[in-house]
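This report refers to the structure that appears directly beneath it.
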Ligand code: COA
Ligand code: HC5
């Protein structure tokens, strides 16, 4: 199994499909009022100056490539940016593209990062969220909570539909709100060589139903009354009860498991599956639904210490074909998971949106579920939720068997360790006048260095939502300054005072990188843009993109992301390279939730060791600051 890193996903001329055919763009232009006015006020994503990106690229390589490779790359970069050379030509084309489009990057990004990517969305793309464990341990509790949660999502949907969502801000600047219009009523559809995403929210007849899955059986549940009002919690309980009672046996083929397969295999199986009219209608009902609710069977009981790690994998992959992996439609953008044992969380398909809008929705839903219920339930009888039928031919059965085997291999290979770092949270870095995010990232650099005695290419997501239709760029956390600090921490000859100075410098440099990235001046998406422009314009891709340093820079041994949430939840995703880690964290004021993932098949990675090294690094940095008088100034 080859696994390409996030962003290392090679783009070939042959792989570039013209935008018209497969991706169905969703026009948001018709939305009246507030939303549109806000969107129109947003700036366009800039194309950074060529020389700036070249310089920043070379600086970023310094801590992660050897001197010889760096010298070679320096020559290639110099050649690339010669006046009248290939770099200038590509830059001009890119600037022209930027002048024509709302966002020069967003279509490309959707394709390269998601729709062209052929690895399964499970583990390799879709993130999971573990919500605080709930107090129930039976079906009644499960039903009641699911009902409240559905009502909470519908409440959030009203804000989307009425355009009353408050505009978000980052660094004092208003953010693009487009992603909120893409997470409900949408679904990924497999295709070869490229998937697509459909969104039914803006269709003439937007959906009024959700998908409910129980014991691998799919149901279409209408969640609005005939007068257009959403079903109340009591009504939803009645309907969910009907669903549960009619799916008590899990004797059916786990059709949903097909969606966990490699995208080409799934695309082939999909074509075959929907040849049958009943199957096609059932699949379309799932795709159109507002979102999905997975009522999971309980997972094996584990110790309290292991609970969150197990819950994390339940969200990421469902535990395998014996457990809950067949209780999903992994292409569905948003799936809430509620286990009979009180485990609760979310998995989402990443193509339409970044984590923060999903987490904002989750925060709202969690608050909603805590409210005491009011409102009278109309006593009108409700129609029985429709079970979605599938006709399973021998060929479909064999595709399901193949998908089962593949997901079980993935399940065995993924290791996730969740830790709650309870010694401190954002409060301590703030008390030393340091950016908490930068502090955590520098600690990660220190942890990695302590384990491997080297620095590695590190990815941190930076939001580009200050710009219209903005997605993300990369903060390269391994910098010259972080390298100087981590080496000093490992050097017994160094004095604390020097270490503190280097720590302060590293944290400042990280924060400065963040500011430059969120303002659209980082190097990675620009380089990607130049490369994709070359694929469109030139017979061959320039040497700087075929270089060893370029592959190394895009081989992210540490793939990280901060996703802050109001809810005390744990967010997680898989590594992006076979010998790497995925690290997602939610920094709260007094503690930090981390999820560290790696592959068991890699002998060089170990999630427990990295998690411990990270705890040590955070504490060592705090102690260093506390013990050194200068730091308190
Ligand atoms: N002294 C004291 N306090 C400081 C400080 C300093 N030097 N620097 C920052 N702080 C404070 C901030 O004011 C902020 O306060 P708050 O808790 O009241 O909000 C807090 O510390 C956090 O700031 P910081 O840790 O610097 O990070 P950030 O919130 O600016 O986030 C990123 C940094 C990179 C995570 C953010 O810019 C971003 O891009 N987020 C989106 C990431 C994303 O999309 N992830 C998911 C991808 S799917
Ligand atoms: C609910 C948490 C979601 C976090 C997902 C995330 O960070 O995705 C990154 C998106 C991006 O464009 O940077 C990709 N990453 C998982 C590979 C870091």
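The values are calculated or read from the model by the stated rules, or taken from the named source; none is laboratory data. It should be emphasised that the depicted structure is a prediction, and the values quoted were computed from it without experimental measurement. Reconstructed Cβ throughout: ideal geometry from the backbone, glycine too, with neighbour counts over all protein chains shown.
Brief remarks on what is shown
- Test: residue 559 is within 14 Å of ligand 2 (Cβ to nearest atom) and either modelled with pLDDT under 95 or within 24 Å of the chain's Cα centre (by Cα) (or both): yes
- Filtered residues of segment 472-491 (kept if buried (at least 23 other Cβ atoms within 10 Å of the Cβ) and either over 30 Å from residue 351 (Cβ atoms) or within 15 Å of ligand 1 (Cβ to nearest atom) (or both)): 472, 473, 474, 475, 476, 477, 479, 482, 485, 486
- Output for segment 185-199, where each listed residue is touching a strand residue (DSSP E or B) at 6+ places or on another chain (Cβ under 7 Å) and in a loop (DSSP other than H, G, I, E, B): 185, 195
- Test: residue in segment 615-629 that is assigned to a loop (DSSP other than H, G, I, E, B), away from ligand 1 (no atom under 16 Å from the Cβ) and more than 28 Å from residue 501 (Cα to Cα): no
- Any hit, segment 434-454, residues being in a loop (DSSP other than H, G, I, E, B), away from ligand 2 (no atom under 16 Å from the Cβ), in contact with a strand residue (DSSP E or B) (Cβ under 9 Å, 6 or more places away or on another chain) and modelled with pLDDT of 95 or more: no
- For residue 420, the conditions (1) within 16 Å of ligand 2 (Cβ to nearest atom); (2) in contact (Cβ under 8 Å) with a residue 40 or more places away in the chain; (3) out of contact with any helix residue (DSSP H, G or I) (no Cβ under 7 Å at 6 or more places or on another chain) are fulfilled apart from (1).
- Unmet criterion (only one of (1) at pLDDT below 95; (2) closer than 25 Å to residue 390 by Cα; (3) in contact with a helix residue (DSSP H, G or I) (Cβ under 7 Å, 6 or more places away or on another chain)) for residue 257: (1)
- Residue within segment 596-604 that is over 26 Å from residue 473 (Cα atoms), in contact with a strand residue (DSSP E or B) (Cβ under 6 Å, 6 or more places away or on another chain), more than 13 Å from ligand 1 (Cβ to nearest atom) and in a loop (DSSP other than H, G, I, E, B) present: yes
- Yes/no for residue 530 being part of a helix (DSSP H, G or I), more than 26 Å from the chain's Cα centre (by Cα), crowded, with 22+ Cβ neighbours inside 10 Å and at pLDDT 95 or above: no
- When residue 589 is tested against (1) in contact with a helix residue (DSSP H, G or I) (Cβ under 8 Å, 6 or more places away or on another chain); (2) farther than 21 Å from residue 490 by Cβ; (3) within 16 Å of ligand 2 (Cβ to nearest atom), exactly one condition is not met: (3).
- Flag for residue 403 being within 16 Å of ligand 2 (Cβ to nearest atom), at negative phi and modelled with pLDDT of 95 or more: no
- Residues located in segment 159-180, provided they are modelled with pLDDT under 95, within 30 Å of residue 237 (Cβ to Cβ) and not in a loop (DSSP other than H, G, I, E, B): 159, 160, 161
- Residue in segment 457-468 that is farthest from ligand 2 (Cβ to nearest atom), counting only those that are surrounded by fewer than 23 Cβ atoms within 10 Å (Cβ to Cβ) and assigned to a loop (DSSP other than H, G, I, E, B): 468
- Meets criteria (modelled with pLDDT of 95 or more, in contact with a helix residue (DSSP H, G or I) (Cβ under 8 Å, 6 or more places away or on another chain) and at negative phi) for residue 105: yes
- Residue check, residue 175 over 30 Å from residue 307 (Cβ atoms), within 16 Å of ligand 2 (Cβ to nearest atom) and in contact with a strand residue (DSSP E or B) (Cβ under 9 Å, 6 or more places away or on another chain): yes
- Taking the criterion of being in a helix (DSSP H, G or I) and either crowded, with 24+ Cβ neighbours inside 10 Å or within 16 Å of ligand 1 (Cβ to nearest atom) (or both), the residues of segment 332-378 that qualify are 355, 356, 357, 358, 359, 360, 361, 362, 363.
- Residue in segment 492-513 that is part of a loop (DSSP other than H, G, I, E, B), at pLDDT 95 or above, away from ligand 1 (no atom under 14 Å from the Cβ) and closer than 30 Å to residue 181 by Cα present: no
- Only one entry of 539, 564 meets the criterion of being away from ligand 2 (no atom under 16 Å from the Cβ) and outside any helix (DSSP H, G or I), and that entry is 539.
- Yes/no for residue 381 being within 16 Å of ligand 1 (Cβ to nearest atom) and not in a helix (DSSP H, G or I): no
- Residue that is farthest from residue 260 (Cα to Cα) [pool: residues in segment 384-394 that are under 33 Å from the mean Cα position of the chain (by Cα) and outside any loop (DSSP other than H, G, I, E, B)]: 386
- Residue in segment 477-487 that is within 16 Å of ligand 2 (Cβ to nearest atom), within 26 Å of the chain's Cα centre (by Cα) and in a helix (DSSP H, G or I) present: no
- Among the residues making up segment 575-594, those that are within 13 Å of ligand 1 (Cβ to nearest atom), touching a residue at least 60 places away in the same chain (Cβ under 8 Å) and under 19 Å from the mean Cα position of the chain (by Cα) are 576, 583, 584, 585, 587, 592.
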